[in-house]
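Below is one structure, written out as structure tokens; comments come after it.
The values are calculated or read from the model by the stated rules, or taken from the named source; none is laboratory data. Nothing here was measured: the structure is a model prediction, and the numbers come from that model. For neighbour counting, all protein chains shown are included, and Cβ atoms are generated from backbone atoms with ideal geometry for every residue, glycine included.
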Amino acid sequence: MIDYNKKMIYEEVTVKNKQDYYAQNNPFVEDRFNEKVCCLHCDDEFIFDEFKVIRNKTTNEEYIACKHFPECNGTIIDFMPADYKTR
């Protein structure tokens, strides 16, 4: 994600234990850590635990992002169950 000066404003954060990070920072109730999901931005399917954590360099806010960041700007709210199209 790029600001108006075309500088990258997010950086990837190394998380040693993604399951703990998810439990502490999950804005949703359901547990889908081992679920196959589809990112609505890039339409790729992956196991949820492959997510990346990114941090806004200006505000230090962190987000759960698509495993394809920085090529994809999808975040946790863009992850659907992989079979959502056939439900």
Could you please give the count of residues in segment 27-64 that are free of Cβ contacts under 8 Å to residues at least 40 places away in the same chain and of a type outside the set (Ser, Thr, Tyr)?
-> 18
Restricted to segment 53-86 and to residues being of a type in the set (D, E, K, R) and closer than 15 Å to residue 36 by Cα, the residue farthest from the chain's Cα centre (by Cα) is 85
Right, residue 44: in contact with a helix residue (DSSP H, G or I) (Cβ under 9 Å, 6 or more places away or on another chain), at pLDDT 90 or above and of a type outside the set (S, T, N, Q) or not?
-> no
Does segment 16-38 contain any residue that is buried (at least 18 other Cβ atoms within 10 Å of the Cβ) and modelled with pLDDT under 90?
-> yes
